[in-house]
Amino acid sequence: MPCVSTNVFVRRTPTEVFDFLADARNLALWSSGVSSVEPGYVEPGVDAVYRYRFPGRRRSHRLVCADFEPGRRIAFRGQRMWGPLGTQVPFYGFDLLPHADGTMVRLSVTSSLSAALVLLAPLVAMAWRRDLPADGLKFRDLLGEGRAAAESLAAATAGGAETAAPAPAEEADVPAATPMRASSAPTGFDYAH
């Protein structure tokens, strides 16, 4: 059962970060383990059920909120996926810790494997060790880690070939003024929708 984690610092309050993570639709914006989540609103909380697509899969699977501690921890468990070599159940965990002027977030992925896939556990772990740090940086940039990061993310989103010029050193320490849209959700923000 490979388990991989990484830490990332975000210049947002734990409440803001938690509200972003509590809406599983936002996972598709930054996580390499989620290619899409159905757009309908689901009330965040334990046992909230979403429909998502795991990369490389044609049909959607269930994604269930398995742990929900506002401002501290949230986790999602994917549905068991069958393949020729066995089954896989992904588990995405997020632990939040207030830190200085933001939040330290531990992103973790655990893959429960069965049958012959157990023999491939080192390869699964290697893939997550490669992808999870990049996912963490994308997550940090999406939540506005700095002006240069926000500008380059906007340029990448626009599909332009040009890259944003790096901000001067004194501006790089200033959190970007990223738009945050209030949602109809009682817990706060709805970034993606």
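What follows draws every value from the coordinates through simple rules; no lab data is involved. Quantities reported herein were computed from a predicted structural model and do not represent experimental measurements. As a convention, Cβ positions derive from the backbone with ideal geometry for all residues, glycine included, and neighbour counts pool all protein chains shown.
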Worksheet item: With each label point set 7 Å from Cα along the Cα-Cβ vector, what nm distance links Arg59 and Met1?
Response: 2.6
Worksheet entry | Whole-Hz couplings from phi, Karplus 6.51/-1.76/1.60, listed for the range 79-94; x for Gly and Pro | 6, 4, 10, 8, x, x, 9, x, 10, 9, 10, x, 10, 9, x, 9
Worksheet item: Using alpha-carbon positions, what is the distance between the centroids of the range 81-130 and the range 43-73, in Å?
Response: 14
Worksheet item: With each label point set 7 Å from Cα along the Cα-Cβ vector, what nm distance links Trp82 and Ala134?
Response: 3.1
Fill in: Estimated Rh, the range 8-121: Kirkwood, alpha-carbon pairs, angstrom
14.8
